[in-house]
Structures are given as C-alpha cells and as structure tokens.
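Visitor: Have a look at the structure that comes next, please.
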Amino acid sequence: MSESWPVAEVLSGGASDVPTAMQRRLYEDMILLRSFDERAINLQRQGRIGTFPPSLGQEASEIGSAHALRASDWVVPSYRDHGALMVHGLPLSNVVLFAMGRTPSLSSALRALPTSIPISTHLPHAVGLAIAAQKLGTDDVALAYFGDGGTSEGDFHEALNFAGVFKAPVIFFCQNNGWAISVPRARQTASETLAQKAVAYGIEGRRVDGNDVLAVYQVVSEAVARARRGEGPTLVESLTYRLGPHTTADDPSRYRSAEEYQDWKESRDPIQRMAGYLMAHGLLTAEEDQAMRQAAQERIQAEVEAAEALPPVEPAGMFQHVFAQAPSDLAAQRRRIEEAVPHA
Amino acid sequence: MPERNMIQAINVTLDQLLAEDARVMVFGEDVGKNGGVFRATEHLQDRHGEPRVFDTPLAESGIIGMAIGMAVGGLLPIAEIQFMGFLYPGLDQLMSHAGRLSARSQGQVKVPLVVRVPFGGGIRAPEQHADSIEALLVHAPGLKVVVPSTPYDAKGLLTAAVDDPDPVVVMEPIRLYRLGRQEVPDERYTVPIGTARVARPGSDLTVITWGNMVAVALDAAEALAAAGEVSVEVLDLRSLYPLDREAIGAAVSKTGRAVVLHEAPMTGGLGGEVVAAIQEVAFWSLQAPVERVAGPDVPYPPYAWEDFYLPNRARLTQAIRRTLKD
C-alpha cells in the first residue's frame with residue numbers, strides 16, 4: 001500500500017525552486033523555534049513556567065506548514081503548535097504566558113483559535129472556519145494541526161468526512177511523530193499509512209518527509225492552492241519525530257529506545273539537514289548561521305522579559321470574557337472571591 | 001394576529017432570521033428536503049437555497065464542532081440536533097469548546113452559536129428519544145440554556161438566541177410542539193434571555209418549572225382552582241442559564257410555599273439548584289419545606305412505562321397538598 005503513498009522529499013535531491021529568501025526564512029524560524037523550546041525547558045526547570053510541550057525535532061513540520069499560509073487563513077492548532085502560531089503572528093511572549101498558566105490574549109487580527117488541549121476535537125472547527133470562508137465568498141483556507149494519536153479520535157473522522165462532503169477548503173496537517181505520549185503509532189491504527197485514511201473520505205492524501213522543511217512547505221503550499229481553487233480538502237501526513245518529551249512532565253526513556261532517539265537525532269535532525277542544504281548551495285555561511293542564532297536568543301530574551309514583567313493576575317481575569325456580558329450570578333460570584341482576596 | 005403552534009412559530013422564526021441576515025445558516029440531520037423530523041425547517045431550503053439550509057452527515061459532534069468554526073468565522077449558525085438523547089456526542093464540543101473559547105481567548109474569539117434540540121417525553125417515542133439533560137448543559141460554564149413552553153416564547157427566545165454573541169442551546173419541548181396555538185406576531189421580537197415568566201398568577205403556593213412540565217403545572221393549578229381548593233402560581237423559568245433568581249425570589253416570597261417540578265431525573269437535576277436559590281433569596285418567607293417533583297433516577301423507560309415516569313397532575317397535586325399542610 002505504501003508504494004502508492006510516496007513520501008515527498010526535497011533536501012535529498014537537487015536545488016529547490018522555493019525562493020531563496022523563503023528558504024533562509026524557513027531556516028531562521030526553525031532556529032528560533034528550537035531556541036525557544038530549549039529556553040522554555042530551562043524556564044520550566046527553574047520553576048518560572050509550568051508544564052511545557054516542546055516541539056524539538058518537529059521544527060520543519062511546524063515552520064514549513066505555517067509558511068504556506070497567508071495572514072487571512074486560519075490556523076487551528078493543537079497544544080504543541082506554538083511554532084506554527086509564531087509564524088502566523090503570535091508573539092512568543094504569549095506562548096510564555098500560556099506556559100505560566102495565564103490565558104494570553106490572542107489579537108483579534110490573528111486568524112487563529114486558542115490551542116486545543118483535547119485531542120482532535122478542534123478538527124471540526126477547522127472545517128467550520130473553512131465553510132465560513134467558502135460561504136462568505138473568500139478564498140481563505142483553514143489549516144488544522146494534530147498528531148498521529150489524533151487520528152484515532154472520532155472527531156478526526158467526522159471532520160474529514162464533513163470536509164469531503166462539503167468540499168471545504170481545509171488542510172488536515174497530521175504530524176506523525178511516532179508517539180502519542182508513550183503509545184507507538186502501530187498501536188493507533190492498523191493502517192499502513194495515515195495519509196491513506198483520506199481515501200475513505202474521498203479527499204486528497206499526501207505523505208511528506210516532515211523533517212524536510214522545503215518538502216513540507218511545498219506539499220502544504222500545493223494543498224493550500226488546491227483548497228483556494230475550490231478543489232477541496234487534503235490530509236497531509238508529515239513524518240517526523242519528537243526528539244523531546246511529550247511535555248516537561250514526561251520521561252520518554254520509559255517507553256522508547258535510546259537507539260531510536262539517536263538515529264533521528266544524529267541523522268535526521270531537520271535543522272542540521274536544512275543547514276547542510278543551505279551551505280551546500282551557497283545560501284548560508286557559518287557566520288550568518290551564528291548571527292541568526294544570536295538574534296534568536298536576543299528576541300527570546302525580550303519575549304520572556306515581556307511576559308515576566310506583567311503584574312500577577314487578578315480574580316476578574318477568569319470572569320471577564322466567559323460571556324460578552326456577565327450574568328448577575330457570575331458578577332456576584334466574582335465579588336465574593338474579590339472580597340476574600342487579602343489586600344497588600 | 002396569526003395563531004400558531006410551537007413548531008409553526010419556530011418555522012416562521014427561522015424563515016425570518018434567514019431572510020433578514022445572510023450570515024444565518026440552518027443545518028442538521030434531515031433539515032433540508034425533509035424539513036426536519038418535526039418539520040421545524042419545512043420549506044426553508046426551497047426558500048433560502050441549499051447553501052443556507054442544508055443536511056449534514058450524521059454526526060452530532062461534527063455538526064456542533066463545524067458550527068463552532070462557522071460561528072468564529074463570521075456566520076450565525078443555527079444547528080439542529082434531532083433529539084436530546086442524541087446530543088451526548090455533541091456535549092464534548094459544547095463543554096470542551098463552545099463554552100470556553102471566549103474565555104480562553106480573552107474575548108477575542110466569540111462563538112455566536114445556536115443549537116436547537118427537541119427534548120423530553122410524552123409522545124410515546126422510541127427509547128432514548130425523550131431525554132432531558134438541561135442540568136448537564138447548565139453546569140457547563142459559558143453556555144446559555146433557554147426553554148420555551150409557548151409558541152410566543154419559542155419565537156422570542158430563538159430570535160434572542162441568534163442575537164446573542166454567546167453560545168445558546170434552545171431546548172424545545174417535543175410534547176408542546178403541537179399541543180396548543182397562540183397568537184404569534186409576524187414582526188421580529190425577542191424574549192430576553194434570563195427572564196422567567198409568571199404563566200399563571202396565584203397566591204397560596206408557587207410551582208416553579210419549565211418546558212413540557214409547564215403544561216402539567218397549569219393543568220394541576222386549574223383543577224385545584226376549579227375545586228376551590230387553592231390558588232397556585234406557576235412560574236415558567238424559560239431561561240435555565242442564566243437563572244432568573246429575582247423572579248424566583250419574588251414568586252416564593254409572595255406565596256411562602258413552593259414546589260419545583262421537572263421531568264429530568266431528580267438527583268442532580270436542576271430542581272436542586274432552584275431549591276438552593278429559593279433558600280438563598282426567600283428563606284425567611286418560607287412557611288413549609290420546598291418539595292421537588294421530578295422523574296425518578298432511572299433511564300427514561302420504554303413508553304409502556306412513560307406515564308409512570310413523567311410527573312403528572314396527580315403527583316404534582318399530592319406534592320402541593322403536602323406542602324400546604326405544614
């Protein structure tokens with residue numbers, strides 16, 4: 001079956017026709033995401049933020065897919081997709097705030113939903129957003145992020161089915177990182193590939209090397225173009241690997257082998273691969289690489305400082321936006337809690 | 001002014017809402033050509049076209065989940081779930097997402113979603129077609145829940161639900177769809193969400209109820225009045241979240257006695273919340289303990305048992321008499 005589901009690759013072949021400026025931008029954003037995740041893990045170890053789900057190893061999937069969108073498209077993220085949100089315009093300070101247990105404000109100009117914590121229940125939202133774009137007469141699309149484990153949920157199947165029936169301009173971007181916390185891909189489905197599930201819903205399915213940022217960018221761009229042309233949804237299976245823990249509360253050594261990890265880390269790291277490609281094609285020097293890494297550190301430092309500079313939360317924050325206008329019950333409950341807060 | 005039953009009132013309201021705002025979309029299972037299993041959407045697809053009124057695949061989570069996305073994306077979706085007993089798969093969408101997205105986005109994402117769902121028993125329906133799960137919905141933060149018991153309120157509450165920037169579940173009592181007719185104005189109007197209605201004034205005791213049970217309460221109250229026995233006030237809550245605590249307080253303060261009536265199972269039912277509200281706002285007026293009359297804590301039974309399950313005039317009358325004795 002997998003012969004009919006080839007894995008798209010670019011880095012292993014010749015030169016890509018992705019514009020040079022975009023190639024460098026993709027690399028730069030992967031550096032930024034990797035640096036951010038490393039910093040976030042440190043912040044968590046220092047007790048400055050709470051549980052954090054790093055995307056170490058999945059940078060090409062995150063960055064390559066999000067760059068295929070334009071600002072008016074919708075990003076419908078899962079909890080590990082701060083990389084895609086960052087590309088779409090979310091300040092990294094908001095990611096820090098989220099990990100500090102605070103609800104960061106999304107800008108209303110940012111066409112993104114809050115990250116979905118339950119698995120795959122956000123996929124029907126992407127279908128609805130795509131249908132809204134369709135019915136409002138725009139050619140905007142919606143791109144939903146989820147993982148291999150997410151394909152086991154009923155909402156995955158309902159969303160793909162609805163999208164097929166309504167020919168919704170939506171891209172289902174599945175990052176198959178091999179593990180749903182501790183449960184391997186083979187325990188999620190007997191299907192040989194995840195992409196082939198598209199067949200059951202009469203939609204397009206694609207597999208891509210998810211650690212090849214140019215291939216991800218290309219495959220998702222093609223899916224986006226099809227959706228914009230009114231040719232319907234695509235399920236993309238992006239083959240990648242989570243180099244880090246599921247979250248900072250997880251210990252992957254309990255369930256997967258050091259050999260597997262080493263193999264992915266040493267020979268398939270998406271950032272090393274792209275660096276090698278850019279340097280081989282004369283598109284990046286060691287000095288420029290160093291400058292990008294330095295700039296990333298400085299930007300992250302500023303974002304962390306911005307998040308940590310905010311005053312502690314007030315009780316009102318959890319009441320204010322539950323409804324457009326708080327019913328009197330809620331106002332009374334808020335007053336009782338505020339009255340019990342000791343004043344400094 | 002034209003007289004309409006509740007299902008006709010809902011139909012003309014949907015027609016009006018579709019006509020006045022191109023963002024309104026009506027969809028669900030069998031709502032298109034078939035006009036809905038109860039005919040709430042009859043002729044709407046013909047009048048407004050398939051892009052606006054359409055059948056969906058048979059999946060309740062998918063319907064509500066898609067509706068959430070449509071609402072966030074700038075439309076005004078009105079989703080129909082065929083029976084409340086089939087809402088369970090959609091509860092995940094309502095509880096995990098619809099009620100939370102505004103708070104989780106600090107008000108940047110709004111979900112102006114309406115879910116219409118027929119509920120309750122009394123029509124000899126097959127099993128699992130008669131559930132009343134308002135307590136689950138009311139317990140989920142971020143959702144509003146309304147229940148009309150008259151054709152007039154069915155129109156006013158549905159229109160208010162579409163106007164509301166937050167997600168609203170409109171529970172429609174199946175038994176009352178065709179039970180009576182009432183003048184329903186053609187022009188647009190709303191019944192404010194969060195306001196109860198005195199369905200029948202009285203001076204000795206207040207029955208607080210909603211939906212299908214409003215008819216049972218009125219029937220019992222009329223019989224007791226006709227017998228010259230007692231004057232019963234009936235308060236139709238209409239809105240289950242937010243609850244009109246002021247109206248509950250006023251009604252019970254006036255009579256000093258109350259019975260709370262609903263068809264959902266007793267334990268954990270919304271009646272407990274209403275009793276709590278009574279003792280918070282009208283405790284010093286109470287002359288007797290408040291009694292609850294409700295469905296028993298059993299799965300809604302096959303219809304051979306339906307008349308035993310559903311609270312009726314006899315059970316309510318007994319409760320009223322016990323409450324008057326103290």
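Visitor: Between A:281, A:246, A:67, where does the largest GNM mean-square fluctuation fall for chain A, given springs only between Cα atoms within less than 10 Å?
Guide: Highest fluctuation of the listed residues: A:281.
Visitor: Here's something else I'd like to know. Output ³J(HN,Hα) for region A:189-199: one whole-Hz value per residue in order, computed from phi by the Karplus curve 6.51 cos²θ - 1.76 cosθ + 1.60 with θ = phi - 60°, and x for Gly and Pro.
Guide: Per residue, the Karplus-derived 3J(HN,Hα) values read 7, 8, 5, 5, 10, 8, 4, 5, 4, 4, 4 Hz.
Visitor: Which ordering of B:286, B:310 is given by a fewest-first count of other beta-carbon atoms within 10 Å?
Guide: The most exposed by this proxy come first: B:286, B:310.
Visitor: With no solvent and one point per C-alpha, what does the Debye sum give as log10 I(q)/I(0) for region A:277-331 at q = 0.28 Å⁻¹?
Guide: Evaluating at q = 0.28 Å⁻¹ gives log10 I(q)/I(0) of -1.01.
Visitor: Identify the trypsin sites (Lys or Arg not before Pro) of region B:1-89 meeting these criteria: DSSP loop state and at most 13 other C-beta atoms within 10 Å of the C-beta.
Guide: B:33
Visitor: What is the pair-distance distribution P(r) of region A:55-178, computed from all Cα-Cα distances in 10 Å bins starting at 0, with each bin given as a whole percent?
Guide: 14, 46, 35, 6, 0
Visitor: Moving to a separate point now. In cubic angstrom, how much convex hull volume per residue do the alpha carbon atoms of region A:214-344 span? Don't skip to the end; give the middle numbers.
Guide: On the way: hull volume 34.8 nm³, N = 131.
Dividing the Cα hull volume of region A:214-344 by its residues yields 265 Å³.
Visitor: Still on this structure, please answer the following. Based on alpha-carbon centroids, what's the gap between region B:255-294 and region A:114-141 in Å, whole number please?
Guide: 43
Visitor: Starting from the exponent 0.38 and prefactor 2.2 Å, build the expected Rg for chain A from its residue count and divide its actual Cα Rg by it.
Guide: 1.03
Visitor: Give the separation of the Cα centroids, region B:103-120 to region B:186-252, in Å.
Guide: 27
Visitor: For chain A, with a Gaussian network of springs between Cα atoms less than 10 Å apart, report the residue from A:196, A:333, A:294 with the top mean-square fluctuation.
Guide: Among A:196, A:333, A:294, the largest GNM mean-square fluctuation belongs to A:333.
Visitor: Using a Gaussian network for chain B with springs between C-alpha atoms less than 10 Å apart, which of these wobbles most: B:276, B:67, B:215?
Guide: B:276
Visitor: Moving on to the next point. Across region A:1-113, what fraction of all alpha-carbon pairs, as a whole percent, falls in each successive 5 Å bin from zero upward?
Guide: The percentages, shortest bin first, are 2, 11, 19, 20, 18, 13, 8, 5, 3, 0.
Visitor: Stick to Cα atoms and the Kirkwood definition of Rh, then tell me Rg/Rh for region A:186-280.
Guide: Reported Rg/Rh (Cα atoms, Kirkwood Rh): 1.04.
Visitor: Follow-up question, since we're still on this one. With charges set only on the Cβ (+1 for Lys and Arg, -1 for Asp and Glu), what does the dipole of chain A come to about its Cα centre, in debye to the nearest 20?
Guide: 620
Visitor: Let me ask something else. Restricting to bridges with both residues inside the protein assembly as shown, how much of the DSSP beta-bridge set is antiparallel, in percent to the nearest 5?
Guide: Details: 9 of 66 bridges.
That works out to approximately 15 percent antiparallel.
Visitor: Something else: From largest to smallest, what semi-axes in whole angstrom does region B:149-242 give when each is the square root of 5 times an eigenvalue of its alpha carbon gyration tensor? Provide the component values of the computation, followed by the final result.
Guide: Values: eigenvalues 140, 40, 25 Å².
Equivalent ellipsoid of region B:149-242: 26, 14, 11 Å, largest first.
Visitor: So, one more: So if the hydrodynamic radius of chain B is defined as the Kirkwood radius over C-alpha pairs, what does Stokes-Einstein give as its diffusion coefficient at 10 °C and 1.306 mPa s, in µm² per second?
Guide: It diffuses with D of about 79 µm²/s by this estimate.
Visitor: Using the basic label-point model (7 angstrom from Cα toward the beta carbon), what is the residue A:267 to residue B:179 distance in nanometres?
Guide: 7.3
Visitor: Continuing with this model, one more query. How big is the Cα convex hull of the protein assembly as shown in projection, averaged over all directions, in nm²?
Guide: In nm², the orientation-averaged hull projection of the protein assembly as shown is 33.1.
Visitor: Moving on to the next point. Kirkwood-based Rg over Rh for region B:197-325 (C-alpha set), two decimals?
Guide: On the way: Rg = 13.7 Å, Rh = 14.4 Å.
Rounded to two decimals, Rg over Rh is 0.95.
Visitor: Something else about it: If exposed means no more than 16 neighbouring beta carbons inside 10 Å and the site is in a DSSP loop, what's the longest run of chain B without any exposed GluC sites (Glu not before Pro)?
Guide: The reported range is B:1-126.
Visitor: Continuing with the same structure: Could you list B:219, B:297 in order of exposure, starting from the residue whose Cβ has the fewest other Cβ atoms within 10 Å?
Guide: B:297, B:219
Visitor: Taking the Cβ of residue A:257 as the center, what net charge do the other residues with Cβ under 15 Å away carry, scoring Lys and Arg +1 and Asp and Glu -1?
Guide: Around residue A:257, the charge tally is 0.
Visitor: If you don't mind, there's one more thing I want to ask. Which of the trypsin sites (Lys or Arg not before Pro) found in region A:183-261 are loop residues per DSSP with 12 or fewer other Cβ atoms within 10 Å of their Cβ?
Guide: A:229
Visitor: Right, here's the next one. For the residues B:284, A:5, what sequence is obtained by ranking on other C-beta atoms within 10 Å, fewest first?
Guide: B:284, A:5
Visitor: For region B:22-132, report the translational diffusion coefficient in µm²/s to the nearest whole number, using Stokes-Einstein at 10 °C, 1.306 mPa s, and a Kirkwood Rh over Cα pairs. Could the numbers behind the result be given before it?
Guide: Numbers: Rh = 14.5 Å.
The estimated diffusion coefficient comes to 110 µm²/s.
Visitor: May I pose another question? State the percent of C-alpha pairs, over all pairs in region A:92-244, separated by a distance greater than 20 angstrom.
Guide: Everything past 20 Å amounts to 51 percent.
Visitor: Let me ask you something else. With only alpha-carbon atoms in the gyration tensor, what are the semi-axes of the equivalent ellipsoid for region A:77-142, in Å, largest first? Could you put the intermediate results ahead of the total?
Guide: Working: eigenvalues 108, 39, 17 Å².
One finds semi-axes of 23, 14, 9 Å for region A:77-142.
Visitor: Could you name the aspartates and glutamates whose alpha carbon sits less than 16 Å from that of residue A:197, not counting residues in the same chain fewer than 8 places away?
Guide: Counting by Cα, and skipping residues close in sequence, residue A:197 has these aspartates and glutamates nearby: A:3, A:148, A:153, A:155, A:158, A:237.
Visitor: Let me check I've understood the local charge: for residue B:288, count other residues with C-beta under 14 angstrom from its C-beta, Lys and Arg +1, Asp and Glu -1. What total comes out?
Guide: Around residue B:288, the surrounding residues sum to +2.
Visitor: At what distance in nm do the modelled label points of residue A:306 and residue B:305 sit from each other, each positioned 7 Å from its Cα along Cα→Cβ?
Guide: Inter-label distance under the simple model: 6.1 nm.
We did not get these values from a lab; they are worked out from the coordinates using the rules stated. Keep in mind that this is a model prediction, so the values were computed, not measured. Using ideal geometry, Cβ is built from the backbone for each residue, glycine included, and neighbour counts are taken over all protein chains shown.
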